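The values are calculated or read from the model by the stated rules, or taken from the named source; none is laboratory data. Keep in mind that what you see is a predicted model, and the values were worked out from it rather than measured. Don't worry about glycine lacking a Cβ; one is built from the backbone with ideal geometry, like all the others, and counts go over all protein chains shown. Areas reflect the complete protein model, heavy atoms only, side chains present, ligands, DNA and RNA absent. Shrake-Rupley method; radii C 1.70, N 1.55, O 1.52, S 1.80 Å.
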Amino acid sequence: MCLGLIGTGFGSAYNARPRLVVIVVIDQFRGDYLERYRDQWGEGGFRLLLDHGADFTDCNYDYANTRTAPGHATLLTGAYTNGHGIMANEWWDPQKKAMVEAADDDQTKLVGISGDASGSSPRHLLADTLGDELKLATQGKSRVFGIALKDRASVLPAGYAANGAYWIDRATGAWVTSTYYRSELPRWAQDFNESKRAEKYLNQDWKDGNGNVLRSTRPVAGKPVNFYDLVGSTPLANDYEFEFARELITYEKLGSGPATDVLIISLSANDILGHKVGPDSAEMQAMALAMDRQLAGFFEFLGHQIGLANVWIALSADHGIAPLPKVAAELHLPAASISGDKIRAQINSALSARFSHAGEYVEDLDYPVTWLNSDAFAAVKVNEQEAERVVGEALKTAGLRAYYTRSQLERGDAPNTELGLKYLHSYSPLGGWYVLGVPPPFTIGFIGGTDHATPYTYDTHVPLAFYGLPFQPGTYHTHAEPVDLAPTLALLLGINAPSHSVGRVLTEALPLPRRVLGSARRGVQEERSTPEIEGSRFSPGAASAAEAANHSTAVNAALKRCSTQQLKSCLTQSQKQCAVASQNLSVSGRAVVMRDIGGSAAGGTQ
Ligand SMILES: [Zn+2]
């Protein structure tokens, strides 16, 4: 089987164009979780990507804005905040004199529930997305959708030209969209809401493997039902999202059109629970293990519905999470919980005394970011530069290590250090006057739980993994960033990268172009970077590396034709047939490491 496929390389992106690209973003899924629970993942979930895809273990955001809205914008624009403009989940709007949310759009209305509430759109985005570029390249024939419990996680990654973005009404769990996309829900989504499927997720117990109840979704008597909070803190919320995603794929016939379609699904439950219980709790472990099974079920659905050979899957997260301060402090790390409101009040009273004028100089402090009230400073004749400096100094007095001001970052004035670069990447022209505080590590601006929004690895480290025909399976320890996702997929789709993309194409996970094989252009082969593969390196002569790359691509291609259910027997079969091929390849004494087959198949057949 695999020998017969040698020579069907994927030098041209067009040969391998998929019917559907699915981008799974797990909200607050730290990069180390995949390794932490590696021995507990079952077949076909995370291991579909880890064992049969290209897994980048060292992927970190290179900015300080590790929040949900910026993270989702970053993944699909291939740009940081200084490109896409989204710096936070909400910011101070000096015109409206109010905090606005990243996906807020009062020119639109919510669709799907009664009432006159304003809706959401991607109008704050200053860059386009992968889906937008695909729409441009196909004259609109590609269809692009976003799904999440949160509007920002659905709307921003889907982009301007998306066919739809869906999120939930937090009280009832009903799926909604906005008039930006359409004036009423499609029939299938109306039917979904009317069949009262949200209700079946209430009054449920979430149990661990031993039958112990971890959490209940039973509404508290006398309190209004909040579906988002009750169900959202359990894996049931992922079931609910996948149930909706399956309906969307079925009724919108994703993967059956004339061009590649895109679905971005952001799983929000991990974040809702993670803030409450922290990354090291038994509940978060149970959530991750449940998600593994849920992903396996969803990937199996994709296999049946569209065929895994026709789907590319990418997996990442919008940010990580800090340990609970209590947990870190027990290990003698200098951890602390700090109340942003308390610091805000302290700064306002200090500045009121300093300027002999009572005022709300700081409007909002979403630790460690501070939004200034320019009107209050204007009343005491203090300009932006000075206002941001005095607030920054006040933040240092309150315990922050350093600060960067909006006016400073606008000038590109930051020290030529790794940290300085992270803050330059965090600049946005949106949001009026602001100061980005640099917190001490493990200091959390959240009482009674934990948080993210720092430039430190516990917040920046996220998974980045790809599954699909063009990806060379393996574990890659090379440097990667979430901005690499969009330009890598764009290259493979044969389209332009998004407008402000700064990511690199992850060439080490892509097989050699077919045209060099068997040709005299050895120089081209040798120039290609060789992947650093778990436990070994592809560092033999260029010819055998090329053969190995092509060979394992062919094997991989064969595997992609199997459903997840058949994977086990396919692997065994390919292993036998590939043993012959491997022997042939090492005839000249050059060792060829087939980690993707040898390594994973061993695990896969146990
Ligand atoms: Zn998030």
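Note on region 355-401: with neighbouring protein chains present and a 1.4 Å probe, carbon and sulfur make up 44 percent of its accessible heavy-atom surface. When each of the peptides 265-276, 233-244, 325-336 is scored by how many other beta carbons lie within 10 Å of its residues on average, the order from highest to lowest is 265-276, 233-244, 325-336. Remark: relative contact order (region 204-266) = 19 percent; criterion is Cα-Cα distance under 8 angstrom and separation of 6 or more residues.
Shown in residue order for region 449-466 are the 3J(HN,Hα) couplings computed by the Karplus curve 6.51 cos²θ - 1.76 cosθ + 1.60 at θ = phi - 60°: x, 9, 7, 9, 2, 10, x, 8, 4, 5, 9, 8, 7, 9, x, 8, 9, 10 Hz (x for Gly and Pro). Pairs of Cα atoms in region 128-233 fall into 5 Å distance bins, from 0 up to the last occupied one, in shares of 2, 12, 17, 17, 15, 13, 9, 7, 4, 2, 0 percent. Distances between placed amide hydrogens fall under 5 Å for F29 paired with D318, H319, all partners being 5 or more residues away or on another chain. Stokes-Einstein diffusion for region 63-115 at 25 °C, viscosity 0.890 mPa s, with a Kirkwood radius from C-alpha pairs, works out to 197 µm²/s. When R344, R152 are compared by accessible surface with a 1.4 Å probe, the order from highest to lowest is R344, R152. Distant-in-sequence amide contacts of R215, defined by a placed amide H-H separation under 5 Å and a gap of 5 or more residues or a different chain, comprise W206. For the peptides 66-78, 252-264, the ranking by mean Cβ contacts within 10 Å, running from highest to lowest, is 66-78, 252-264. Pairs of Lys residues in region 83-177, spaced 8 or more positions apart or belonging to different chains, with C-alpha separations under 27 angstrom: 9 in total.
Quote the charge dipole size of region 81-213 about the Cα centre in Debye, to the nearest 20; the model charges only the Cβ of Lys and Arg (+1) and of Asp and Glu (-1).
280 debye
Taking packing as the residue-averaged number of other Cβ atoms within 10 angstrom, the listed peptides 114-126, 138-150 run from highest to lowest as 138-150, 114-126. Straight-distance candidates among the lysines for linking to K326, with alpha-carbon spacing under 16 Å and chain neighbours fewer than 8 residues away dropped: K276.
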